[in-house]
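The structure appears below as structure tokens.
The values are calculated or read from the model by the stated rules, or taken from the named source; none is laboratory data. Note that the structure is a prediction, hence the values are computed from the model and not measured. Here the Cβ positions follow ideal geometry from the backbone for every residue, glycine too, while neighbour counts run over all protein chains shown. Only protein heavy atoms, including side chains, enter the accessible area calculation; ligands, DNA and RNA are left aside. Shrake-Rupley method; radii C 1.70, N 1.55, O 1.52, S 1.80 Å.
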Amino acid sequence: DSKDYDHEVKSVCAFCGVGCQISMKVKDGKIKYVEGINGPANEGRLCVKGRFGYDYIHHQHRLTKPLIRREDAPAKGLNVNPDNWQDFFREASWDEALDVAAGGLKGRGREVAGFGSAKCTNEEAYLFQKFIRQGFGHNNVDHCTRLCHASSVAALIENVGSGAVTAGFNDIKDADVAIVIGANPVENHPVAATYFKQFTKRGGKLIVMDPRGVGLRRFATHMLQFKPGADVSMLNAIMHVIVEEGLYDQQYIEAFTENWEAEKEHLAQFAPEKMEELCGIPAETLRAVARDFATAKAGMIFWGMGISQHIHGTDNSRCLISLALMCGHVGRPGTGLHPLRGQNNVQGASDAGLIPMFLPDYQSVTDDGVRSAFTDVWETGDFSNEKGLTVTEIMDAVHDGAIKAMYVLGENPAMSDPDVEHARDALAKLDHLVVQDIFITETANYADVILPASALYEKSGTVSNTNRTVQMLRPAVPPPGEAREDWWIEVELAKRCGLPWTYTHPSEVFAEMAVNMRSLDNITWERLENEAVTYPSLSPEDPGQSVVFGDAFPRPEGRARFTPASVIPPDDLPDADFPMVLTTGRQLEHWHTGSMTRRATVLDAVEPEANCSLHPSTLRQLGVEPGGMVRITTKRGSIEIMARADRAIAPDMVFVPFAYVEAAANILTNPAVDPYGKIPEFKYSAVRVEAA
Ligand code: SF4
């Protein structure tokens, strides 16, 4: 009813990488409600987060003024009560806060590191990496992609030549068969999941593979609930069958790939009959899956953090890439490789160069020509040709005394890093910490200066979803009090650090990005004001190419590569003291570290309490009723948490969402990382569960 609101503003949902378009109905300076509109990714649909998750922006805990730590404040890291922060911080003017923030960073060169955010716009991500590179001369800048799909991107760049998806999730409409592995779209990409369900209703064969019996299992032709950590043995066994039974696409392999003979030879040792015990899936099922995928006319593969967050995460993705390539399932309608992106703008923030080894568009920092193309545009001197430190390496460098000052924009490493006490100790050791956020997060507990920023519903800018579709954000309401858009804060901080920045609007930043980013060819700010555009866009009229690499791959001689993957066991294997396996992730109602959704009225009402999932038989053995408390312990720490009965989880596993500060999952997790993507093994830790 149009009488319900004063005006509406069209923008993009602030949560997951699906990138649903929304209409925000505004009345009396507040968002009254949100509806889905006809965006290319959602066609009017929204999930519970998109529809009801917005009102955290009006929460009483919003930061409305810059804050500076008081000289007589208690020790850094103590939990700051958001209703009583005056014991820790004092209010300051923007001038004073920016001067203090810049004063602790300026001139410190390699002692400074930066964590940007996938919750920021493309322009803000670009400015953040430029700030570190131009301002401090090195590449110690990263963001949460390191904890998300860094291993997938490493494998895709290595073997396909591009870190983005080769087809959109809604291209599943043209597929006959689709694999969803290590992902739980029903909870984490709910609108994408509706396309997957529709696909099965039209007769498409869905193959779901996951150690948890995720929600899509009810729609699956095959549900492979394999043993955690056994991804490579299972995928290699499936590929073994395709080779053994001659089901591969010889013509495609010869025309578009390299290193096939080495892959074929490597796969000989992975007969399903040998692998079935290791991966917990009968050989006949592995053979049936291989036949269904290889003989389909068009097949797609989707994956999530269950693939990427392992010390063998890059190998997991290499297997998926090889599986698609050997069947010729890339580059045609209904085929493709699609790592489902987690955050609203993790694709765009990565594209914009918020990565320690890559400048925008994944151009290597080690390439002299690439760096000079950027320094020409930035009208600045050269910066380091060494790859910078990643998120977890930066925390190690703080402990080693090499990093002494940090600028954290919109990230919450005091909740999101593995073995989080290690990260919290590092934050406490810093000489100087600048946190830019919308709430006093757990990371802001350690800050010297807190700069009050904007939620995505309050800002202008562009974001890029999991499908490579670039869309325009529009502000429904202004930021509260003296809070400012993040790009404005970045510019003012940069000026005080001596950089000659003169930006007055994100559109100017976008224009600068487009100079050295070929992915933005034919995409302009003006165009995005009227339409969403998927890159690559081949002309000013082309809405973009959803399916890519039909003719050639962006690799030498245009060929994709097979990279064989061997079985590497998880780092922290169960033993007598820690006999079960912990896996962590998100749940439908809560987003990442919970700072936003736990302040969203409806979402918090639906899911107010920290909870874990255990099989009913495990609960019975423990003597715990569903809803009772359990203690979960790893070599790194212990939490107490309410237990739910969930038949979908294996009896020797426990699942803990990482959104709850009172039972922080990352107190438990293992910081061991994948050697290529440097992503921690969030999906596997040896654990003991007891009645609390
Ligand atoms: Fe938002 Fe993702 Fe839900 Fe869409 S599916 S409404 S983008 S959280």
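Normalised per residue, the accessible area of segment 358-443 is 33 Å², obtained with a 1.4 Å probe and no contribution from ligands, DNA or RNA.
Look at where the Cα atoms of segment 494-542 and of segment 412-486 average out, and the two centres are 22 Å apart.
Of the trypsin sites (Lys or Arg not before Pro) found in segment 393-491, not one falls in a DSSP loop while having at most 12 other beta-carbon atoms within 10 Å. Stretched out straight at 0.36 nm per residue, the stretch from Glu625 to Leu247 would grow longer than its current Cα-Cα span by 131.1 nm.
For Thr669, nonlocal amide neighbours, meaning residues 5 or more places apart or on other chains whose placed amide H falls under 5 Å from its own, are Asp419, Val420.
Looking at segment 77-199, the accessible area is 25 square angstrom per residue; that uses a 1.4 Å probe and ignores ligands, DNA and RNA.
Just the protein heavy atoms count here, and of the accessible area of segment 559-677 at 1.4 Å, carbon and sulfur take up 54 percent. Taking every Cα-Cα distance in segment 420-473 and sorting them into 10 Å bins from zero, the calculated P(r) comes out as 22, 33, 25, 21, 0 percent. Radius of gyration over Kirkwood radius for segment 585-692, both on Cα atoms: the Rg/Rh ratio is 0.98. On a per residue basis, the convex hull of the C-alpha atoms belonging to the chain measures out at 149 Å³. Shown in residue order for segment 436-441 are the 3J(HN,Hα) couplings computed by the Karplus curve 6.51 cos²θ - 1.76 cosθ + 1.60 at θ = phi - 60°: 10, 7, 9, 10, 7, 6 Hz (x for Gly and Pro). Straight-line reach from Lys173: which lysines have Cα under 28 Å away, leaving out those fewer than 8 places along the same chain? Partners found: Lys10, Lys49, Lys197, Lys201, Lys205, Lys297. On the beta carbon distance between Ser372 and Glu531, with R0 = 51 Å, the FRET formula returns roughly 0.90. Bridging of Lys683 to lysines at a Cα separation below 17 Å is possible for Lys227, Lys635, once same-chain residues fewer than 8 apart are set aside. Ligands, DNA and RNA left out, the 1.4 Å accessible surface of segment 30-167 is 46% carbon and sulfur atoms. One chain, two ends: Asp83 and Ala648. Fully extended at 0.36 nm per residue, the span grows by 199.4 nm beyond their Cα-Cα distance. What base-10 log of the normalised intensity I(q)/I(0) is obtained for segment 59-132 from the Debye formula, alpha carbons as equal point scatterers, at q = 0.11 Å⁻¹? The calculated log intensity ratios at q = 0.11 Å⁻¹ are -0.39. Between Ala692 and Asp95, the contour length at 0.36 nm per residue exceeds the Cα-Cα span by 209.9 nm. For segment 239-292, the per residue solvent-accessible surface stands at 49 Å², with DNA, RNA and ligands left out and a 1.4 Å probe. Above 25 Å lies some portion of the pair distances; for segment 316-463, what is it as a whole percent of all C-alpha pairs? That tail contains 49 percent of the Cα-Cα pairs. Spin-label model, Val9 to Asp577: label points 7 Å out along the Cα-to-beta-carbon direction sit 5.4 nm apart.
Each distinct pair of alpha carbons in segment 497-602 adds a 1/r term; the inverse of their mean, the Kirkwood radius, is 20.1 Å. Couplings for segment 346-353, taken from phi via the Karplus curve 6.51 cos²θ - 1.76 cosθ + 1.60 with θ = phi - 60°, read 5, 5, x, 5, 5, 4, 7, x Hz in order; Gly and Pro are left as x. Across q = 0.10, 0.12 Å⁻¹, segment 130-246 modelled as identical point scatterers on its alpha-carbon atoms has Debye log10 I(q)/I(0) values of -0.43, -0.59, in the order of the q list.
Of the trypsin sites (Lys or Arg not before Pro) found in segment 635-692, those that fall in a DSSP loop while having at most 11 other beta-carbon atoms within 10 Å are Arg647.
Under a 5 Å amide H cut-off, with hydrogens placed 1.01 Å from N, Val12 pairs with Ile22, Arg474 among residues at least 5 apart or on other chains. Among residues other than Glu541 with Cβ under 11 Å from its Cβ, the summed charge is -1 (Lys and Arg +1, Asp and Glu -1). Length, then width, then depth: along the principal axes, the Cα atoms of segment 275-317 run 30, 29, 13 Å. Restriction of the GluC sites (Glu not before Pro) in segment 1-103 to DSSP coil positions whose beta-carbon has at most 15 other beta-carbons within 10 angstrom yields Glu43, Glu71. Amide H to amide H, with H built 1.01 Å from N, Gln343 comes under 5 Å of Gly17, counting only residues 5 or more places away or on other chains. Of the accessible area of segment 370-466, computed with a 1.4 Å probe over protein heavy atoms only, carbon and sulfur atoms account for 39 percent.
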